[in-house]
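The values are calculated or read from the model by the stated rules, or taken from the named source; none is laboratory data. It should be emphasised that the depicted structure is a prediction, and the values quoted were computed from it without experimental measurement. In this analysis, Cβ positions are derived from the backbone assuming ideal geometry, glycine residues included, and neighbour counts consider all displayed protein chains.
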Amino acid sequence: IDELLAEGVAGKRVFVRADLNVPLENGGDTVKIADDGRIRAVLPTVKALADAGAKVVVASHLGRPKGAPDPAFSLAPAASRLGELLGAPVAFATDTVGESAKSAVAGLADGGVAVVENLRFNAGETSKDDAERGEFADRLAELADVYVGDGFGAVHRKHASVFDLPARLPHAAGYLIATEVGVLKKLTEDVERPYVVALGGSKVSDKLAVIDQLLGKADRLLIGGGMVFTFLKAKGYEVGASLLQEDQIPVVQEYIERAEKTGVELVLPVDVLTSTGFPDLKTKAPAHPNTVAADAIPGDELGLDIGPETRKLYASKLADAATVFWNGPMGVFEHPDYAEGTKAVAQALVDSPAFTVVGGGDSAAAVRLLGFDENAFGHISTGGGASLEYLEGKTLPGLAALEG
Ligand code: 3PG
């Protein structure tokens, strides 16, 4: 983007593909943004372009609407938050490439900013059919003279605005993508050791490829979240009614064996918090969890967080790290009774002198929602799937397109 700015963008229409896919809270008539981290993350790029006199057209997806307009997934709240953060008016188009978008863009003064409606209200955005995606990319291209890719959270998606559009316009990476890639490169290419990784989240199937890679890279791997029960089961423990992916047990068993062979320390919980049911996340009514040993989960109970001994254990395993990567909550942190595990890992990162990277929409939102100061971490990534796929060593369509 610096090159682009040096060449001059005054009066040019610059399309910024951002990731404004923020968590929304429904408060009756009003929709509130639960965490605006992703909007703040794209500000440097939008500001720099606007200050240089560009006509900035910001586009993003939000949620997973089914290729047609759906008010529940409107970008309008994100657009108004962007305006607040910029301290400048932001025009909002109620469609993505239609009359509203065209007139919003035509009405932009130099240095003005417009947001167009959710890209995924258009079937072409996510289509698997190259021609259909291409057609939509052609329509997006009509809105701009230059493309800036800055939606790091979506670079792993082969979508029209991420992959096809940059091929149709002069293009550059924005500041957010440059920062994110710089940090992840450090983790993959010249990581300082000990390199400790804490992985949580609910489904082990989402994390298999990254665990596979990390077994050859990390010195220590701490496991938490719903996926931990597949590990405990693979070790031969009974996990009661806990979340379990039966079909993944053999893969996990192979990982446990490989970790032993290669000397990667694979750390599992020694105790867990359990209950007979899932907690009420709306009322947050007290859930009265039980603390049980990880190998003694009662048959009718399910594990919902790591236990107090495990919190201490994980904190000690993070204390001597030189580099930490953390992805995925340790428990159902949205309920206060099951937030302690996630808090303990976040606190261990805050206390650590290591270079700490928090990856993932959920964990990034978790640290902010739990009240941690984001400046206390080395880097909080805006990408969940994107940062994991980068660490897996995959080619990410949105990054490849910017290089082309
Ligand atoms: C994310 O939240 O990880 C990104 O915004 C991508 O969203 P998606 O998984 O719906 O493509």
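Computed quantities for the displayed model
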quantity	calculated
In segment 380-401, the residues that are over 12 Å from W326 (Cα atoms), among the hydroxyl-bearing types (S, T, Y) and either in a helix (DSSP H, G or I) or within 12 Å of the ligand (Cβ to nearest atom) (or both)	T382, Y390
Pair list, Cβ < 8 Å and 6+ apart or interchain, from segment 153-166 residues that are free of Cβ contacts under 8 Å to residues at least 60 places away in the same chain and within 16 Å of R64 (Cα to Cα) to residues that are within 10 Å of the ligand (Cβ to nearest atom) and part of a helix (DSSP H, G or I)	A160/T126
Residue satisfying condition, being hydrophobic (A, V, I, L, M, F, W, C), touching a helix residue (DSSP H, G or I) at 6+ places or on another chain (Cβ under 9 Å) and without any contact (Cβ under 8 Å) to a residue 24 or more places away in the chain, within set A172, A198, A209, A234	A234
Filtered residue count, segment 120-132, keeping only those that are within 24 Å of the chain's Cα centre (by Cα) and among the charged types (D, E, K, R)	3
Wholly enclosed strands (runs of 3 or more DSSP E) of segment 221-323 bearing at least 1 residues surrounded by 13 or more Cβ atoms within 10 Å (Cβ to Cβ) and out of contact with any Phe, Trp or Tyr (no Cβ under 8 Å at 6 or more places or on another chain)	265-267, 271-275, 290-293
Output for segment 37-70, where each listed residue is in a loop (DSSP other than H, G, I, E, B), away from the ligand (no atom under 14 Å from the Cβ) and under 25 Å from G112 (Cβ atoms)	A52, G53, A54, P69
Hits in segment 121-158 (condition: under 19 Å from G361 (Cα atoms) and in a helix (DSSP H, G or I))	F152, G153, A154
Of all residues making up segment 170-209, the number that are in contact with a strand residue (DSSP E or B) (Cβ under 8 Å, 6 or more places away or on another chain), surrounded by 22 or more Cβ atoms within 10 Å (Cβ to Cβ) and of a type in the set (V, I, T)	3
Hey, A101 in a loop (DSSP other than H, G, I, E, B), free of Cβ contacts under 8 Å to residues at least 60 places away in the same chain and not charged (D, E, K, R) or not	no
Some residue of segment 99-115 being among the polar types (S, T, N, Q) and over 26 Å from the mean Cα position of the chain (by Cα)	yes
Lone qualifier among T291, T283, T276, T262 - being in contact with a Pro (Cβ under 8 Å, 6 or more places away or on another chain) and either farther than 12 Å from Y237 by Cβ or at pLDDT 95 or above (or both)	T291
Residue that is farthest from the ligand (Cβ to nearest atom), among those in segment 17-36 that are under 16 Å from S381 (Cα atoms) and surrounded by 18 or more Cβ atoms within 10 Å (Cβ to Cβ)	D36
Residues satisfying the stated conditions in segment 112-147, i.e. under 15 Å from L82 (Cβ atoms) and not acidic (D, E)	G112, V113, A114, V115, V116, N118
Residues of segment 360-379 satisfying the condition of being part of a helix (DSSP H, G or I) and in contact with a Ser or Thr (Cβ under 6 Å, 6 or more places away or on another chain)	A366
Filtered residue count, segment 116-159, keeping only those that are within 11 Å of the ligand (Cβ to nearest atom) and in contact with a Gly (Cβ under 6 Å, 6 or more places away or on another chain)	4
Matching residues, segment 166-190, being at pLDDT 95 or above, outside any helix (DSSP H, G or I) and more than 16 Å from the ligand (Cβ to nearest atom)	L169, P170, H171, A172, A173
Residue in segment 328-348 that is within 16 Å of the ligand (Cβ to nearest atom), crowded, with 18+ Cβ neighbours inside 10 Å and on the phi < 0 side of the Ramachandran plot present	yes
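Here is a yes/no grid of residues against (1) in contact with a Leu (Cβ under 9 Å, 6 or more places away or on another chain); (2) buried (at least 18 other Cβ atoms within 10 Å of the Cβ):
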| position | (1), (2) |
| --- | --- |
| D351 | yes, no |
| A354 | yes, yes |
| G371 | no, no |
| F377 | yes, yes |
| L391 | yes, yes |
| T395 | no, no |
